[in-house]
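Taken together, the values in this text are just the output of simple stated rules run on the coordinates, not laboratory data. Source: prediction; values computed, not measured. Neighbour counts run over all protein chains shown; Cβ positions are idealised from the backbone, glycine included.
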There are 2 protein chains.
Amino acid sequence: MKIVALAGGVGGAKLVDGLARVLSPQDLTVIVNTGDDFTHYGLKICPDLDTVCYTLAGLANPGMGWGQINETWQVLQSLKNLGGPTWFNLGDQDLGTHLERTRRIQAGECLSQITRAFCQVWGVQVTVLPMSDEIVSTQVITTLEGTLPFQEYFVHRQCQPEVKGFRFTGIEQAQPAPGVMEALRVADIIIFCPSNPWVSIDPILRVPGFREMVAAHPVVAVSPLIQGQAVKGPAAKMYRELGITPSALAVAEHYRELLSGYILDRSDQQQVEEISRWGIITLATNILMPTVEERRRLAEETLVFCEQIITQRR
Amino acid sequence: MKIVALAGGVGGAKLVDGLARVLSPQDLTVIVNTGDDFTHYGLKICPDLDTVCYTLAGLANPGMGWGQINETWQVLQSLKNLGGPTWFNLGDQDLGTHLERTRRIQAGECLSQITRAFCQVWGVQVTVLPMSDEIVSTQVITTLEGTLPFQEYFVHRQCQPEVKGFRFTGIEQAQPAPGVMEALRVADIIIFCPSNPWVSIDPILRVPGFREMVAAHPVVAVSPLIQGQAVKGPAAKMYRELGITPSALAVAEHYRELLSGYILDRSDQQQVEEISRWGIITLATNILMPTVEERRRLAEETLVFCEQIITQRR
């Protein structure tokens with residue numbers, strides 16, 4: 001079974017890590033949101049790509065949801081002394097990633113090539129692809145403060161401004177990165193990881209040609225919300241501010257036209273009935289992944305569920 | 001007595017530090033070579049400016065001649081892991097300087113402003129000015145390998161290629177940095193620190209209008225060579241490759257038209273006679289500065305000598 005998984009940051013990275021522990025490397029391709037990417041201190045920073053790769057490499061900081069384990073902060077201290085902006089945490093080892101990526105970009109390499117090279121160094125065996133090599137910038141449209149670049153909203157303002165919409169600057173001109181369309185073409189099923197629908201999965205789906213290709217395949221999504229709350233990040237707050245009650249059901253509705261199957265938390269069991277009415281097959285299980293064992297267990301259940309979906313569609 | 005000192009890297013920084021320990025801050029302006037500046041990993045790096053400022057701030061690594069004391073190397077290790085070029089040593093604290101400088105340049109500040117801000121943070125009280133806010137790039141013309149950017153020659157190739165000349169790209173368009181001409185105008189005397197004549201002092205003198213302004217003042221130079229050898233760096237090797245026997249005398253001849261006074265090492269005493277014949281007043285003393293006390297002692301002797309020169313010219 002060939003799997004393509006779409007992922008944003010922490011939640012997505014955890015399920016992807018579980019999948020990578022169960023599948024053969026050649027059977028899993030991860031396509032990662034790059035709408036969060038931004039330039040800071042002149043450096044090209046790709047938060048979701050790094051979170052996914054660090055997690056797969058076993059380098060991720062387990063407590064934080066960003067950055068590397070055993071990180072040091074000498075450079076950030078030096079920046080602080082000099083009065084530079086320190087709202088975005090740049091660890092020393094992490095900075096190596098940003099610096100070398102920036103150097104290679106300036107030397108003419110593209111993000112997908114660089115990601116492949118880094119994965120090789122880090123011993124990541126599954127294929128990790130940025131959704132696009134072109135720059136796409138997620139902009140958060142707020143009710144009171146105009147439009148904020150994503151990291152400004154997410155990290156600097158800690159998701160406080162009220163959201164009324166999103167814009168993905170550059171998306172119309174973006175090409176899927178090399179390998180993306182090929183991976184989709186041969187996929188038996190596509191998994192939407194438990195990532196933020198608005199700012200992690202939507203930008204991937206909005207890459208020209210991407211959604212159409214996804215629509216030609218069975219899709220299983222895993223809810224990023226449990227009992228109306230995000231495990232991490234602003235997804236639930238965004239739903240509320242957009243006038244939608246946050247729930248596993250709301251996420252299923254978000255993806256409705258594309259979904260064949262939907263995995264939600266056992267505690268949201270009562271929402272299964274309505275989702276089933278839309279012709280979507282559901283699996284209610286424990287979707288929280290506090291440990292590596294839980295990642296693996298959810299990945300295994302997800303794959304069994306995927307096989308069912310594929311069989312039923314035949 | 002108002003002093004302007006022209007300086008490159010280590011030797012220059014040591015004498016400047018001595019002068020700063022003796023003079024009132026308002027009486028010393030240091031003008032630093034920026035021909036060595038380059039871009040690496042997208043960062044604006046100013047080796048001479050940093051060496052001078054770190055030395056004045058008491059932050060310089062005493063053993064190395066570059067970088068900061070108590071430095072750590074986490075980022076460089078990360079770059080090495082990822083296969084990035086590591087020939088230029090980027091310490092973690094030092095990287096803070098390069099990152100914040102790059103950020104400010106990209107935000108529209110100029111190098112002289114940034115240098116002033118950093119000096120304030122570092123507690124450097126004397127005025128340190130880059131020779132120019134515009135980019136000037138020292139190029140080393142070699143006999144066998146064409147033209148190499150200075151840091152490529154100096155650090156990456158460890159000064160091995162044979163030199164046949166120098167080019168200072170951008171020098172014709174460069175303006176003296178704000179404050180440079182004013183400092184020269186009110187100077188009672190100008191000191192050429194013991195820095196490389198070819199690649200540290202010459203680029204400063206080549207900034208349009210600079211040499212003419214220097215020529216209107218008494219100038220005292222301190223030899224960077226002792227017994228035909230550079231204390232540090234490729235000055236002696238360059239002289240040889242350019243067909244000139246390296247010596248204190250050769251340096252005096254290099255600056256000849258501009259010099260009122262010349263300070264050379266006691267061990268080069270026998271060269272005094274010829275230099276005197278050119279109408280240059282000499283002082284033979286101990287010019288090696290292995291300790292902070294020696295920096296101070298040489299600075300004091302230099303200032304007494306400068307006063308003599310000024311008195312004699314009246």
Inset, instruction - Take the residues in the stretch B:241-252 that are in contact (Cβ under 8 Å) with a residue 24 or more places away in the chain and not polar (S, T, N, Q), then tell me which one is surrounded by the fewest Cβ atoms within 10 Å (Cβ to Cβ). - result: B:Leu242
Inset, instruction - Answer yes or no: is there a residue in the stretch B:97-105 that is within 11 Å of another protein chain (Cβ to nearest Cβ), touching a residue at least 40 places away in the same chain (Cβ under 8 Å), assigned to a loop (DSSP other than H, G, I, E, B) and surrounded by 15 or more Cβ atoms within 10 Å (Cβ to Cβ). - result: no
Legend entry - All positions within the stretch B:55-76 that are assigned to a helix (DSSP H, G or I), farther than 21 Å from A:Leu99 by Cβ and within 13 Å of chain A (Cβ to nearest Cβ): B:Ala57
Inset, instruction - Take A:Pro197 and decide whether it is surrounded by 20 or more Cβ atoms within 10 Å (Cβ to Cβ) and in contact with a helix residue (DSSP H, G or I) (Cβ under 8 Å, 6 or more places away or on another chain). - result: yes
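Being within 14 Å of chain A (Cβ to nearest Cβ) and farther than 16 Å from B:Tyr239 by Cα narrows it down to one of B:Thr147, B:Thr115, B:Thr127, B:Thr138, so name that one. Working first, answer last.
On the way: B:Thr147 fails: within 14 Å of chain A (Cβ to nearest Cβ); B:Thr127 fails: within 14 Å of chain A (Cβ to nearest Cβ); B:Thr138 fails: within 14 Å of chain A (Cβ to nearest Cβ).
Exactly one residue qualifies, and that residue is B:Thr115.
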Inset, instruction - Would you mind telling me which numbered condition in (1) crowded, with 20+ Cβ neighbours inside 10 Å; (2) out of contact with any helix residue (DSSP H, G or I) (no Cβ under 7 Å at 6 or more places or on another chain) B:Thr169 fails? - result: (1)
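Could you pull out the residue among A:Leu79, A:Leu90 that is at the interface with another protein chain (Cβ under 7 Å from one of its Cβ atoms) and within 20 Å of A:Gln151 (Cα to Cα)?
Numbers: A:Leu90 fails: at the interface with another protein chain (Cβ under 7 Å from one of its Cβ atoms).
The conditions single out A:Leu79.
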Legend entry - Hey, A:Val180 without any contact (Cβ under 8 Å) to a residue 12 or more places away in the chain and β-branched (Val, Ile, Thr) or not: no
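Of all residues in the stretch A:224-240, which are under 19 Å from A:Tyr153 (Cβ atoms), of a type outside the set (Gly, Ala, Ser), more than 14 Å from the chain's Cα centre (by Cα) and buried (at least 18 other Cβ atoms within 10 Å of the Cβ)?
Residues satisfying the conditions are A:Met238, A:Tyr239.
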Inset, instruction - Would you point out which residue out of A:Ile45, A:Ile31 is more than 14 Å from chain B (Cβ to nearest Cβ) and of a type in the set (Val, Ile, Thr)? - result: A:Ile31
